[in-house]
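FYI, it's all coordinate maths here, none of it is from the lab. Note that this is a predicted model, so its numbers are computed, not measured. Neighbour counts are summed over all protein chains in view; Cβ atoms, including those assigned to glycine, are modelled from backbone coordinates with ideal geometry.
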Amino acid sequence: MNLKELIKEIEKQEFDPTIGLPETLFEFATRITPMVNVDLFVRNFKKEILLTWRGGNYYSPGWHIPGGIVRLRESLYDRLELVAQKELGAKISYKTNPILINEIIRFPERINRTHFISFLFETELSTPLENSLKFNHAKPENGQWKWHKYCPKNIIPVHLMYKNIINGCSPESECTSDFGKSRVIFFNEQ
């Protein structure tokens, strides 16, 4: 079977790429093309940053800035709103221009999720957070949220690129972690 025939077989499968891809197809796509994602930089009146706990499917478990991969024919803004609803149970408002754009390239030994273009948007909560997801000071569970004054030591490695931003400073031009290397493409100093 040649490549064209394989593609036709894949296209016969029942899935909607505007909603998401089957996991094996998505993983293959991440091997051959960069992924675009948005991250929500939510700050409260105390200048704390909202982070959520993410389990270890693709990363070491840790706190992270809520975010998600943009789907086919979905705008960055639509993905921002969906991430807020899915991860925080809340609605947000946001500035139309990102405050930071990073390119992340994973180390060559990584096979899946190897190249990202990440857009960090400054956002504000328009509705309260889902209280049932609030971190309860025991062991963090997947999906729980917590306000942080500074970047925690147990932030997921790929989000070390946001450490300075979380701490109120300008980002480093490059950041290397066990995830790979990230480079600042654009920084909107405000």
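Based on alpha-carbon centroids, what's the gap between region 117-190 and region 37-51 in Å, whole number please?
If you average the Cα positions of each part, the centres end up 7 Å apart.
Among all the aspartates and glutamates, which ones have a C-alpha under 18 Å from K163's C-alpha, if same-chain residues fewer than 8 places away are not counted?
Within the straight-line limit of under 18 Å, K163 reaches these aspartates and glutamates: D39, E48, E103, E122, E172, E174, D178, E189.
Considering only DSSP beta bridges with both partners in the chain, what is the antiparallel share in %, to the nearest 5?
75
For H137, H159, what ranking results if the residue with the fewest other Cβ atoms within 10 Å of its Cβ goes first? Don't jump to the answer; show the numbers that get you there.
Details: H137 7, H159 26.
Sorted ascending by nearby Cβ count, the order is H137, H159.
Among I156, I99, I111, which one moves the most in a GNM of the chain with springs linking Cα atoms closer than 10 Å?
It is I111.
To test your reading of the geometry: what angle, between 0 and 90 degrees and rounded to tens, separates the Cα axis of helix 23-32 from the longest principal axis of the chain?
Rounded to the nearest ten degrees, it is 90.
If I build a Gaussian network model for the chain, linking alpha-carbon pairs within less than 10 angstrom, which residue out of A138, A84, A29 has the largest mean-square fluctuation?
Largest GNM mean-square fluctuation: A138.
Are any of the pairs K86/K181; K46/K86; K86/K153; K4/K91 more than 31 Å apart by Cα-Cα distance, and if so, which?
With Cα atoms farther than 31 Å apart: K4/K91.
Looking only at L160, L88, L125, which one moves most when the chain is put into a Gaussian network model with springs between Cα atoms under 10 Å?
L125
Tell me what the chain gives for mean residue ellipticity at 222 nm when only DSSP H runs of n ≥ 4 count, each as -39,500 (n - 2.57), the sum divided by the residue total, rounded to 500 deg cm²/dmol.
-4500 deg cm²/dmol
Once the other residues with Cβ under 11 Å from the Cβ of G20 are scored (Lys, Arg +1; Asp, Glu -1), what is the net sum?
It works out to a net charge of -2.
Given Cα pairs under 8 Å that are at least 6 residues apart, what percent is the relative contact order of region 53-159?
For region 53-159, the relative contact order is 33 percent.
Which ³J(HN,Hα) values, rounded to whole Hz and listed in residue order, are derived for region 110-123 from phi using the Karplus coefficients 6.51, -1.76 and 1.60 in 6.51 cos²θ - 1.76 cosθ + 1.60 with θ = phi - 60°, glycine and proline given as x?
Going residue by residue, I get 7, 9, 9, 6, 9, 8, 10, 10, 10, 10, 9, 10, 6, 10 Hz, with x marking Gly and Pro.
With charges only on Cβ, +1 for K and R and -1 for D and E, what is the dipole size of region 34-187 about its Cα centre, in debye, rounded to 20?
Its charge dipole is roughly 220 debye.
If you line up the long axis of helix 3-12 against the longest principal axis of the chain, both from Cα atoms, how many degrees apart are they, to the nearest 10?
Around 60 degrees separate the two axes.
Just to confirm a number: summing +1 for Lys and Arg and -1 for Asp and Glu over residues other than H115 whose beta-carbon lies under 15 angstrom from that of H115, what do you get?
+3
So what is the relative contact order for the chain, in percent, with contacts set as C-alpha pairs under 8 Å and at least six apart?
25
When the label point is put 7 Å from the Cα of E124 along its Cα-to-beta-carbon vector, which residues of region 82-96 have a backbone N closer than 16 Å?
Only 91-96 pass the distance filter.
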